[in-house]
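Read through the structure below, which is laid out as C-alpha cells, and then see the notes.
The numbers here are math on the coordinates, done by the rules we state, and not lab data. Computed from a predicted structure; not experimentally measured. We place every Cβ from the backbone using ideal geometry, glycine too, and count neighbours over all the protein chains shown.
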Amino acid sequence: MVLGLAVIAIGGLAALAYPMLQIRALREMRGVWLLLAAVPFLPMAYIIVITAMALREGSNLWPILLIFTAPLGTAYLVILRWLRRWLAPSQVEQREKVLH
C-alpha cells in the first residue's frame, strides 16, 4: 500500500512538473540540444490526449497512463538539462548572461 501510494505521488508530481520542464527546455535550448529536448514532446502529447479522452469518457483509471509515463519524460528532461550544463557549460553561461 505504501509503495503504491509512493508510485502515485511520484507520478502525480512528475505529471505536474513535466509541462513546465518541457516548455522551459524548448525555450532555452538551441541546436542539437533543442532537438533532444523535443524528443519526449510527441509521446507525452499523445499520452495527454489519451488521458483527456479517458477522463471525458468517465473512466475511473483515466490518469493511470499519465502517472506511469510522466516520470520518464520528466527524468529525461532533468537528465538532459544536467548533461547540457556538464558538457556545454560555456553555452549555458552565455545564454544566462543574455537573459539577465
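Couple of notes before you dig in:
- Neighbour counting of Cβ atoms within 10 Å sorts the residues 2, 39, 32, fewest neighbours leading, into 2, 32, 39.
- Our note on the geometry: Cα centres of the stretch 50-72 and the stretch 24-49, 20 Å apart.
- The relative contact order of the chain, computed from alpha carbon pairs under 8 Å that lie at least 6 residues apart in sequence, is 37 percent.
- Length added when fully stretched, residue 39-residue 6, from 0.36 nm per residue minus Cα-Cα: 9.2 nm
- Exposure proxy ranking for 84, 30, 24, based on other Cβ atoms within 10 angstrom of each Cβ and starting from the fewest, stands as 30, 24, 84.
- What you get for the chain, charging only the Cβ of Lys and Arg (+1) and of Asp and Glu (-1), is a dipole of about 320 debye around the Cα centre.
- Helix 2-28 vs. the chain, principal-axis angle (Cα, 0 to 90°, nearest 10): 40
- Helical content alone sets the calculated 222 nm signal of the chain at -28500 deg cm²/dmol, taking -39,500 (n - 2.57) per DSSP H segment of four or more residues and averaging over every residue.
- Rounded to 10°, Cα long-axis angle of helix 89-99 versus longest principal axis of the chain: 90
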